[in-house]
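A short worksheet on the structure shown next.
The values are calculated or read from the model by the stated rules, or taken from the named source; none is laboratory data. Quantities reported herein were computed from a predicted structural model and do not represent experimental measurements. Here the Cβ is made from the backbone with ideal geometry for all residues, glycine too, and neighbour counts use every protein chain on show. Only protein heavy atoms, including side chains, enter the accessible area calculation; ligands, DNA and RNA are left aside. Shrake-Rupley method; radii C 1.70, N 1.55, O 1.52, S 1.80 Å.
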Number of protein chains: 2
Amino acid sequence: MSTIRARAIVYSKYGEPIDVIKTHSYDLPAPESLKDDQVLLQTLAAPLNPSDINQIQGVYPSRPPISINSLPGLKEASAVSGNEGVFKVLGAGSAVANLKPGDWVIPHNVNYGTWTSHSLSAEKDLLKIPNTIPLKQAATMAVNTSSAYLMLTHFVDLKKGDWFIQNGGNSQVGRCAIQIAKQKGINSISIVRNRPNLKELVDELTALGATHVITEDDNGSRDFGKTIKEWTDGKSISLGMNCVGGSSVSGLSRKLGKNATLVTYGGMSMKPVTLPTSLFIFKNLKAVGFWITEMTKEDPSLRSEVIEEVLKLIESGSLADIHCTLNKIVNDKVSDEQFTESFKQGLIDSKTKGKQIMIFE
Amino acid sequence: MSTIRARAIVYSKYGEPIDVIKTHSYDLPAPESLKDDQVLLQTLAAPLNPSDINQIQGVYPSRPPISINSLPGLKEASAVSGNEGVFKVLGAGSAVANLKPGDWVIPHNVNYGTWTSHSLSAEKDLLKIPNTIPLKQAATMAVNTSSAYLMLTHFVDLKKGDWFIQNGGNSQVGRCAIQIAKQKGINSISIVRNRPNLKELVDELTALGATHVITEDDNGSRDFGKTIKEWTDGKSISLGMNCVGGSSVSGLSRKLGKNATLVTYGGMSMKPVTLPTSLFIFKNLKAVGFWITEMTKEDPSLRSEVIEEVLKLIESGSLADIHCTLNKIVNDKVSDEQFTESFKQGLIDSKTKGKQIMIFE
């Protein structure tokens, strides 16, 4: 076989993903026909992240270019979807120093275009990771796990025995934060929404290493502050992580101690970040934002460092299996239309059924 | 005359100031009878600040002790009201190095108790200032003018030609900020509430040195952002100052550039600080608080430094006369009851008639 049939999810204009995405298929050289500096990749897994969707909608500040040069054989200017994923090296040109067939890699930067069956890349754009770690961990380590790690380590110098508080405790990032904190001896208070099967969720997060799990009702109650003070034995909570906004972040912020930092990385309630004035003036609250794309763009060495630390956590077994659904595509057995449909179904499911990851054979 | 009859506004329990304040009168030694380290002061002027009122209400985090030792001759534990003021030295003991009769001083720290006719102090607790500057400037430089100066200089390194934006542009601090910025070549956008005599106010603030004055209606309009971009010629606004909260600070924050700092020092609307999530994540907004009491307590040298800088501004004539009402008390001619009544009337007027300053003869 002298070529490989590659497929990629592309879009030529911004809009709702299920309206605008389509498959572009094109030929890539076989492993034995690569140029000196080329690396041929097969995609193993690529998650469907909210930020991928926002890119396609055109509402995300960082976006790949819509260009005729995005892929070979394009008939109109297009952008390739997807920012996160894990690939297997199928072949490497003679000038490629540190990658060989069978190695696993992840993109060094965002806007790579990971919703693909195969791709052609350059060694400098790839980060090698061990091909022995769980696939789901590999596929999601660059965004969710790295975000949790950076937020816990970059803003406040948390020591063993210190406390942080977060809302969205049941989110992917929230679960990662619980586990990373546990591994570092840092105590966590995680806020989750009330639900019929609350005890089940609390037990699950506690099993992951959560110190305490409270509901948004607890979070909204002024009296509950006393319970938290008993838990922390009067020690002040110096870091808050917010991905919800609205009244959730108001309640969370009231539990922070003097000189604390509140890091906002999402706004799932679609409501603004609402904080009592007195916390700013009398408790010296500092409220900042976190965007892994920008932080690692401004400091690329940070990306390699955090990946290294996250790999240590994964390899030591400190991170439990990821909650997600795997959607398998057998590239050789589907049409372009079926390739597109698989992604569309994944996008629909991601709205109601939790994290969706596409995997390829 | 061997003693001086001193009067002080005190309170023995927290509550609404007009309900709980009373006058304590007591004898102080005459200037010629002072101990070596004593400084005898006559109060020249003391403003009635919102934070003074909040202290008496018991809702301000920094408060003077309610103690039987606060003043000589107290019959019950009391605290002395007032944090800001300017005094004339009537006499100084033989060990006092740098103060002599006729000098002007201000308290080195908060919680001094300035709502008094006279007081006895120690040299280390006083900062000498020139006795040639305008009395109103002297009486208000420690809080309002110093706050404006610190907020403009401490958080963002504003250079000539840079921009900042503030709400409460017509407040005492807002007016000071306009003038200090003008003197430093920094451009200002000041937000004020709409009112019948708007043009008058805009003209007045412009005369003080305001680059632009806009209304809260302008601030709330998304379209108005374009006008501001034209004014700044695309230069980003790197500092915001907020003393209002609610929708005012939401609008203000949208006008800030990437990596800007928003400083909250008040909440006149009684509504929380409400900020769009996207500004934190995608524009790296940093929101912090400012409380001059805490900042200068943690770094006492900062207080002397800022007073020095503010004095330079006052002496060079860079700060216009302060908008306020002076309420004169002739100490020798009033009863204790009349002394109390003067303060109560000043407190009532301060709710509707702007800043009130008590002056003494």
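Some notes on this structure:
- Flag if A:Val143 is under 18 Å from A:Asn49 (Cβ atoms) and out of contact with any Gly (no Cβ under 9 Å at 6 or more places or on another chain): yes
- Hits in segment B:6-19 (condition: open to solvent by 10 Å² or more (accessible area, probe 1.4 Å) and either of a type in the set (Val, Ile, Thr) or closer than 12 Å to B:Pro72 by Cα (or both)): B:Arg7, B:Ile18
- Residues in segment A:84-92 include at least one that is open to solvent by less than 20 Å² (accessible area, probe 1.4 Å) and in contact with an Asp or Glu (Cβ under 6 Å, 6 or more places away or on another chain).
- In segment B:285-297, the residues that are more than 9 Å from chain A (Cβ to nearest Cβ) and closer than 14 Å to B:Met241 by Cβ form Cβ pairs under 9 Å with partners that are open to solvent by less than 10 Å² (accessible area, probe 1.4 Å) and β-branched (Val, Ile, Thr), at six or more places apart or across chains, as follows: B:Ile292/B:Val306.
- Screening the candidates A:Asn194, A:Asn144, A:Asn170, A:Asn131 for the property of being assigned to a loop (DSSP other than H, G, I, E, B), among the polar types (S, T, N, Q) and more than 21 Å from A:Gly251 (Cα to Cα) yields one hit, A:Asn131.
- Filter result (of a type in the set (Gly, Ala, Ser) and within 11 Å of another protein chain (Cβ to nearest Cβ)) within segment B:241-254: B:Gly245, B:Gly246, B:Ser247, B:Ser250, B:Ser253
- Test result for B:Lys100, out of contact with any His (no Cβ under 6 Å at 6 or more places or on another chain), within 17 Å of B:Leu120 (Cβ to Cβ) and surrounded by fewer than 21 Cβ atoms within 10 Å (Cβ to Cβ): yes
- Inspection of segment B:43-58 identifies no residue that is over 22 Å from B:Val105 (Cβ atoms), charged (D, E, K, R) and either open to solvent by 10 Å² or more (accessible area, probe 1.4 Å) or under 25 Å from the mean Cα position of the chain (by Cα) (or both).
- Annotation note: of B:Ser238, B:Ser278, B:Ser316, the sole residue that is within 13 Å of chain A (Cβ to nearest Cβ) and either at negative phi or open to solvent by 20 Å² or more (accessible area, probe 1.4 Å) (or both) is B:Ser278.
- Per the listing A:Thr43, A:Thr23, A:Thr3, the residue uniquely within 13 Å of A:Phe343 (Cα to Cα) and of a type outside the set (A, V, I, L, M, F, W, C) is A:Thr23.
- Residues being surrounded by fewer than 22 Cβ atoms within 10 Å (Cβ to Cβ), over 30 Å from A:Trp231 (Cα atoms) and at pLDDT 95 or above - total across segment A:138-170: 0
- Residues in segment A:59-69 that are more than 23 Å from A:Gly346 (Cα to Cα) and of a type outside the set (A, V, I, L, M) were compared, and the one that is most open to solvent (accessible area, probe 1.4 Å) is A:Asn69.
- Given (1) touching a Ser or Thr at 6+ places or on another chain (Cβ under 6 Å); (2) open to solvent by 40 Å² or more (accessible area, probe 1.4 Å), index of the condition B:Ala30 fails: (2)
- Within segment B:76-91, being under 20 Å from the mean Cα position of the chain (by Cα), in a strand (DSSP E or B) and not charged (D, E, K, R) holds for B:Val80, B:Val86, B:Phe87.
- Within segment A:221-235, the set of residues being open to solvent by 60 Å² or more (accessible area, probe 1.4 Å) and in a helix (DSSP H, G or I) comprises A:Lys226, A:Lys229, A:Glu230, A:Trp231.
- Any chance A:Gly225 is within 30 Å of B:Glu298 (Cα to Cα) and at pLDDT below 95: yes
- Per-region count, segment A:103-127, residues buried (at least 19 other Cβ atoms within 10 Å of the Cβ), over 19 Å from A:Asp36 (Cα atoms) and either touching a residue at least 60 places away in the same chain (Cβ under 8 Å) or not assigned by TED's automatic domain parsing to the domain that holds A:Ala30 (or both): 9
- Subset of segment B:339-361 that is of a type outside the set (Asp, Glu) and outside any helix (DSSP H, G or I) - its residue that is modelled with the lowest pLDDT: B:Gly354
- Those residues of segment A:255-275 which are more than 9 Å from chain B (Cβ to nearest Cβ) and at positive phi, in sequence order: A:Asn259
- Test: residue in segment A:54-65 that is of a type outside the set (Asp, Glu), in the same structural domain as A:Asp349 (by TED's automatic domain parsing), within 19 Å of A:Asn327 (Cβ to Cβ) and not in a strand (DSSP E or B): yes
- In segment B:316-359, residue farthest from the chain's Cα centre (by Cα) [restricted to those that are closer than 21 Å to B:Val86 by Cβ and of a type in the set (Lys, Arg)]: B:Lys328
- Residues satisfying the stated conditions in segment A:248-275, i.e. open to solvent by 10 Å² or more (accessible area, probe 1.4 Å), within 20 Å of B:Val263 (Cα to Cα) and not polar (S, T, N, Q): A:Arg254, A:Gly257, A:Lys258, A:Pro272
- Some residue of segment A:292-313 being crowded, with 18+ Cβ neighbours inside 10 Å and within 27 Å of A:Asp19 (Cβ to Cβ): yes
- Taking segment A:246-314 and the helices (runs of 4 or more DSSP H) fully enclosed by it, the elements with 3 or more residues that are within 16 Å of the chain's Cα centre (by Cα) are at A:292-298.
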